[in-house]
Amino acid sequence: MKRVTFSADEALIKQAREVAHLQNKTLDTAFREWLVEFTEPVRNAEQAMALIKKLREHVRVRPPYTRDEMNKR
């Protein structure tokens, strides 16, 4: 695991440690969990794009439907 150093206000760090303690976690564990949540939208977007690329191999796109085709029931 890679070590990372951050700078933050001392009072904020103290408060964060207290919150983590109330959750029965270390600040390090809470930060790792936050990092996963923080990057999740990007990972979800990457997975969605990979699926779209995969589906393009199997789905043919045709020109837009005519008005009559769209209104056909």
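Each value in this text was obtained by applying a stated rule to the coordinates, not by laboratory testing. Model, not experiment: these values are computed from the prediction. Glycine gets a Cβ as well: all are built from the backbone with ideal geometry, and neighbour counts include every protein chain shown.
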Expressed as an acute angle from 0 to 90° and rounded to the nearest 10, what is the orientation of the C-alpha long axis of helix 27-56 relative to the principal long axis of the chain?
10 degrees
Determine, at each q value in 0.20, 0.21, 0.22 (inverse angstroms), the log₁₀ of I(q)/I(0) that the Debye formula gives when each Cα of the chain is one equal point scatterer.
-0.98, -1.01, -1.03
Among residues other than TRP34 whose Cβ falls under 12 Å from its Cβ, what is the net charge (Lys/Arg +1, Asp/Glu -1)?
-2
Please arrange HIS58, HIS21 by counting, for each residue, the other beta carbons lying within 10 Å of its beta carbon, fewest first.
HIS58, HIS21
Any idea which of VAL61, ILE13, ALA45 is furthest toward the positive side of the dipole for the chain, if Lys and Arg beta-carbons carry +1 and Asp and Glu beta-carbons -1?
VAL61
Students often forget the sequence filter, so: which lysines lie under 17 Å Cα-Cα from LYS25 once same-chain residues fewer than 8 apart are removed?
LYS14
GluC sites (Glu not before Pro) restricted to DSSP loop in the chain with at most 16 other C-beta within 10 Å
GLU57
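To the nearest 500 deg cm²/dmol, what mean residue ellipticity at 222 nm is calculated for the chain from DSSP H runs of n ≥ 4 alone, each contributing -39,500 (n - 2.57), summed and divided by the residues?
-22000 deg cm²/dmol
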Using a simple charge model, +1 on the beta-carbon of Lys and Arg, -1 on the beta-carbon of Asp and Glu, nothing else, what dipole does the stretch 10-59 show about its Cα centre, in debye to the nearest 20?
200 debye
